[in-house]
Amino acid sequence: MGPVRDLWNGPVRRACTWLLAVFVAAAAPVAAQDRFIVMASTTSTEQSGLFAHLLPAFTKATGIDVRVVAQGTGRALDMARRGDADVVFVHDQPAEERFVAEGFGLVRRAVMYNDFILLGPAADPAATKGRDVVATLRKLAASNAVFVSRGDKSGTHAAELRYWKLAGIDDPAFPGRAFAYRACGCGMGQALNIASSSEAYVLADRGTWLSFKNRGALTILVEGDTRLFNQYGVIVVNPARHPQTKTALAQAFSDWVVLPDGQATIASYKIDGEQLFFPNAVR
Amino acid sequence: MIAATGLSLEPAYAPAFESHGLLSLVNSFAESLRTAQHLLLDADPALWRTVRLSLAVSGSACLIAAGFGLAAGAWLAVTRLPGRRLAVAALNTLLAMPSVVVGLVVYLLLSRSGPLGSFGILFTPPAMVIAQTLLVLPIIAALSRQLVADSLRDGGDQLRSLGAGPFTCAVLMLLHERWAVVTVLLTAFGRAVSEVGAVMIVGGNIDGVTRVITTAIALETSKGDLPLALALGLVLLAVIGLVNVAIAVAHRTREPGLAGSP
Amino acid sequence: MSGDAPLLRLVAAGVHFGDVRALREVNIEVRRGEFVALVGANGSGKTTLLHALHGLVPLTGRREVDDASVPQAMVFQRPFMLRLSVRSNLHVALWLAGVARPSWNDRSAEALRRAGLEELAHRPARTLSAGQQQRLALARAWATRPDILFLDEPTASLDPSAKREIEAMLAQFASDGMTLVMSTHNLGQAKRMASRVIYLDQGEIRADLPTERFFGEHVDPRAELFLRGELTWDL
């Protein structure tokens, strides 16, 4: 095929060689890693920057790489149920215990806690400032304020729904209420973006808030309520369901993070001198 | 599920316009341009790893899709099988396939509880390549089919007279219209390198492993760092711009003289 | 089979495109060494008949070829060249004709020489002038050594000097023994070059005569009108 051969020998071959080289160069570092686990975790832990601080210490201590897929707690647990993760690190105790009870995970261990805060516009039209999150939610429901919910089965979303229930409101989205309840089905950062630009109220975890840059007029209105305590747990995925899970390596992570080394690393993570997460693993 | 890919740039910018005016918007862009410039000049290794991965994943996907897509397009242009018009309609429909949907389908296939889970390639670059290949395959097939069909109207008779069978005619037309084919491939590449839905779901946006420019932009947006997100976008455009300039130069040196090849 | 057996024939051949009948039940034989001119008004079916003879269109009736395959080639009114060099276009034609690779260079060089295009071998084919491209089309056809060469108004879009060059090449082919079937608008050209003239009207062959008789006798009233250039359009 004379004319086609001319083309192949010239530009086409050059282009393909170049492209092949680029792909190999990009793929090489990835392929090199063999000792790794996939961890399903939440956007709050990743976006707060905790993992960038915590995981290198773990890798240094054990040589195991941790690949974090960050999504809401609900999706993280679903992912683990499908066997696509080796360990989960989330913050919704009832959901975690259900996960273990259903046989998808081995033992659940408490690791650390941080707290939720209620944010809203600095002008605070619903006069919500205080230390009682439940009372605040009642006031919001009675006002014509806007409230942004993550609505994504995340740990934060689950906690938010628990607080609404405590305030006597079973379904905040039920139409006919004065206030506007906007469920975005999105991560914490996106929810904060929406709240910041619509002068709305939103429940967030302190970690994401401290590292969030697009604050607008949002400010902390409710904090310090002991019910805002947000517990994180780590669970190794049960190999009985999915034999390909890297159980030994995942167990190494679970062990490390509850022992003094891991706990101290968690405690040492600070933003602007403020500690975000408080280790509380049981000895 | 859409949550992971939601880029709420719109709500963030509209009030910026309302409450602070045009000046604030301009300042935002100016800051992004400065950041983009610093990113490019500082040659941050993490950034360049991300860019290289974007180019490698999308480039590979386009090459693989080109192999199948050009053949499929050529075949569809000359086949006389009864179902061909339906096939073309189906192909054109696939052009509108949302990238998230492709990501979902591939995720379910590659999940450990899925049929291909034992290969263990979920959350690795090969999974991203597969997803993007499926995404751009219809584009390449549909556009090359049209290209070949149009060319055959001009020279199909002559090629058949010379003794070319139908598929050979189609392939010769792809050769004849190679610069149009390059444009088709660039279109596919643009679609691949700019999409975020599929690579987010099958790649997981894992730092250092499957984070590409678009998922990095999504992450920075959700962290509220909008100028950085925009700057990353500008970096990607700059890199793609260089690729296109190189192609344009190559085209001009190959076919000098009259603008628009004869 | 050789001697006087026709190279190619159509028996009760008809061609239709959708509802339009472009060719109605024609019977025609082409013998070796002939130079056939097809004449007729626009839309009379000249091009369709050429395509039918060459085997490019499906038809009702039969198309019979003398030997297992009689090599044929066709040159169109506007030459189609691939976006390759002049030489590469010839190579593609030789490749499609099944010629062995080693002889490509020699065959294409020879063909270009006959067409007076040797100097342009490496130029992009599509940068040649219209006349040069048509000569190239003839060279391309000639390189594959066809027994029959079909031509569809090959000089219709050329200026007089280019037209002369093409006619010279065709005359050379004819004297080398090639069989030619050419449709043309130019009656002078038909008279000058052809050994046999076929007149088509509305998809039918109305006259099929040796050249002298066609231009001498009065056979078909519509043919006569055509010759006198007074053919009207009301059908």
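Residue by residue through region A:46-66, note down the ones that are charged (D, E, K, R) and either part of a helix (DSSP H, G or I) or not assigned by TED's automatic domain parsing to the domain that holds residue A:265 (or both). Steps first, please.
Taking region A:46-66 and keeping what is charged (D, E, K, R), we get A:46, A:60, A:65.
Selection gives A:46, A:60.
Any chance you could count how many residues in region C:63-86 are part of a loop (DSSP other than H, G, I, E, B) and within 23 Å of residue C:33 (Cα to Cα)?
8
Determine whether region A:156-169 contains at least one residue that is charged (D, E, K, R) and within 9 Å of chain B (Cβ to nearest Cβ). Before the answer, list the steps.
Here is the first cut: in region A:156-169, the ones charged (D, E, K, R) are A:160, A:162, A:165.
So of that shortlist, the ones also within 9 Å of chain B (Cβ to nearest Cβ) come out as none.
No, the conditions are met nowhere in region A:156-169.
Please pick out the residue among B:210, B:215 that is closer than 21 Å to residue B:98 by Cβ and free of Cβ contacts under 8 Å to residues at least 60 places away in the same chain.
B:215
Among B:164, B:238, B:198, which is crowded, with 24+ Cβ neighbours inside 10 Å and either away from chain A (no Cβ under 11 Å) or in contact (Cβ under 8 Å) with a residue 40 or more places away in the chain (or both)?
B:198 is the lone residue from the list that is crowded, with 24+ Cβ neighbours inside 10 Å and either away from chain A (no Cβ under 11 Å) or in contact (Cβ under 8 Å) with a residue 40 or more places away in the chain (or both).
Within region C:98-108, restricting attention to residues that are at the interface with another protein chain (Cβ under 9 Å from one of its Cβ atoms) and more than 20 Å from residue C:133 (Cα to Cα), which residue is surrounded by the fewest Cβ atoms within 10 Å (Cβ to Cβ)?
C:98
Inside region A:262-276, can you point out the residues that are farther than 15 Å from residue A:109 by Cβ and out of contact with any His (no Cβ under 8 Å at 6 or more places or on another chain)?
Listed by number, the residues that qualify are A:264, A:267, A:270, A:271, A:272, A:273, A:274, A:275, A:276.
Looking at region C:47-60, can you tell me whether even one residue there is under 27 Å from residue C:224 (Cβ atoms), surrounded by fewer than 16 Cβ atoms within 10 Å (Cβ to Cβ) and not small (Gly, Ala, Ser)?
no
Just to confirm my filter: which strands (runs of 3 or more DSSP E) fall fully inside region A:155-236 and include at least 2 residues that are within 13 Å of the chain's Cα centre (by Cα)? Spell out the reasoning first.
Details: elements: A:180-183, A:201-205, A:218-222.
Of the strands (runs of 3 or more DSSP E) lying wholly inside region A:155-236, those with at least 2 residues that are within 13 Å of the chain's Cα centre (by Cα) span A:201-205.
Looking at this structure, is residue A:124 in contact (Cβ under 8 Å) with a residue 40 or more places away in the chain, closer than 30 Å to residue A:145 by Cβ and in a strand (DSSP E or B)?
Judged against the criteria, residue A:124 is not a match.
Determine if region B:69-77 includes at least one residue that is under 30 Å from residue A:84 (Cβ atoms) and surrounded by 17 or more Cβ atoms within 10 Å (Cβ to Cβ).
yes
Does region C:179-204 hold any residues that are buried (at least 21 other Cβ atoms within 10 Å of the Cβ) and either of a type in the set (A, V, I, L, M) or closer than 18 Å to residue C:140 by Cα (or both), and which are they?
Selection gives C:179, C:180, C:181, C:182, C:190, C:194, C:197, C:198, C:200.
The values are calculated or read from the model by the stated rules, or taken from the named source; none is laboratory data. This structure is a prediction, so every number in the text was calculated from the model and none was measured. Because the Cβ atoms are built from the backbone with ideal geometry, glycine has one as well, and the counts that use them run over all protein chains shown.
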